Amino acid sequence: MNSGLNLFTSTPFVMDDGTLVVPVAKAARGVADLELLLFDDSGQMGSNVTRYTFTIQVDLFENLPPYSLSQHIEVVDGGGREGYPAFALVASLEELPASARELIQYDVQCSTTAPGMFEVPPAIDSVGTLWLSIRTGFSGRALCGVRLQAQAAGIEQSDQNFFTMRVWPRPRISRVIPAIAGTEAGSSVTLFGTNFGSFRSRGYDLMQYGNLTVFVTGANSVGDEEKEHWVECDRLVVVSDGELTCEIPAGKGRRDIKVEILDGINRTGTLLGGFLSVEIWYGGVAEDPHCAAFGVPWPHRQEAITQCGTRGVLGFSPADQTGVSMDIARLNVSSAVRSLVVMNKTVFAGGGLFAVNGSRYQGVFAWDGRNIEPLALGLDGAISGMSLFSESEQKVLVSGSFTKAYNIHGSVST
């Protein structure tokens, strides 16, 4: 030891495992310069010894400084790990020695109305930032107690301070009905999901909710670079906490839809590709120079540019001024579609034996933009033509090479 002997009750030393032991004297404060020498097993200093010098600064840290907390915070679920700076502030923190600042810790203990609300326990770091990670789908309230401490310095915890937390659930859209809509403005859609409007999800229970908006990707949303072009829906009605209705703006292609709530703390729920705006449908075995024919597996998917990736059925929006159309059906159909009929927002496709997205259909299937369904149990042959027979009764007229049709119970109609 070269200086600062009075700072220690005995000379600092290094244990066999390399731990430096520094016995600091009570109320000591100052700087000590130390030198470390290496000895061989015999206890004699070697002829080529490297000397290591270092400095220890001892600061006097007897009492925890006063601090303040934000009294209340409102957050939204499912946002991942989020930080809230300056949530806790230590008075005159800059006046403390740097070594003392590093010893200060916050102990945070919370009780909640919804057990399991936190993915990890809330924590406040040394600079006063509150860190939270709320589990998706959780909401409720929490009461949290905070104590300041410096355990490494042997200083007990301060008095406990408290803050309250309100966790709001994010609105979530699970599906849109109908899943196939027109391209003109004014079509009515229904959104199903959760947390649109109730006492639990909004904090008040009213027949009419304000500060809630539904947006849809708009009339120019053809390319991926334009997906953030949001247009507000008209005639929005909150039917219940799990249902909304509105009239969509003009648009084309596979369209995203989102619900935005502005109740002091903003929260948004988005459903990508929530529904389709389509006016033209094609069926068949289409060839494209960039990919194989429909019905043949191909290695690379191309979206929103060509018909690659969709076999058997193509859905197109009318081309915009740049002449770009969109393949939006995305149905994996194993064989040629020979005829199509669109009725009541549903596409009916006819042909031979189909495998569609992994399921088998005999001669015909129906697709509403989301679900694929058989028509009873199909036919014993192939359909070559289809036409609308009765839209009110939802019946289609089919022609082709077949002799039997099978109803849902398996009985035969000839």
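The values are calculated or read from the model by the stated rules, or taken from the named source; none is laboratory data. Not measured: the values here are computed from a predicted model. Backbone-built Cβ (ideal geometry, glycine too); neighbour counts: all protein chains shown. Heavy atoms of the whole protein, side chains included, go into the accessibility calculation; ligands, DNA and RNA do not. Shrake-Rupley method; radii C 1.70, N 1.55, O 1.52, S 1.80 Å.
Before moving on, here are some points about what is shown:
- Among the residues making up the range 371-407, those that are touching a residue at least 40 places away in the same chain (Cβ under 8 Å) and surrounded by 15 or more Cβ atoms within 10 Å (Cβ to Cβ) are 372, 382, 383, 384, 386, 396, 398, 400, 406.
- Residues of the range 202-244 classified as at pLDDT 85 or above and of a type outside the set (Lys, Arg), total: 20
- Residues (polar (S, T, N, Q), over 29 Å from residue 269 (Cβ atoms) and either loosely packed, with under 11 Cβ neighbours inside 10 Å or at pLDDT 85 or above (or both)) located in the range 42-70: 42, 44, 47, 48, 50, 53, 55, 63, 68
- Verdict on residue 340 being modelled with pLDDT of 85 or more, under 18 Å from residue 282 (Cα atoms), more than 41 Å from the chain's Cα centre (by Cα) and open to solvent by 30 Å² or more (accessible area, probe 1.4 Å): no
- The range 145-199, residues that are part of a strand (DSSP E or B), open to solvent by 30 Å² or more (accessible area, probe 1.4 Å) and over 30 Å from residue 235 (Cβ atoms): 147, 161, 162, 164
- Qualifying residue in the range 310-333 (condition: under 27 Å from residue 383 (Cα atoms), at pLDDT below 75, open to solvent by 50 Å² or more (accessible area, probe 1.4 Å) and more than 32 Å from the chain's Cα centre (by Cα)): no
- Test: residue in the range 393-412 that is touching a strand residue (DSSP E or B) at 6+ places or on another chain (Cβ under 8 Å), farther than 30 Å from residue 187 by Cβ, of a type in the set (Val, Ile, Thr) and assigned to a strand (DSSP E or B): yes
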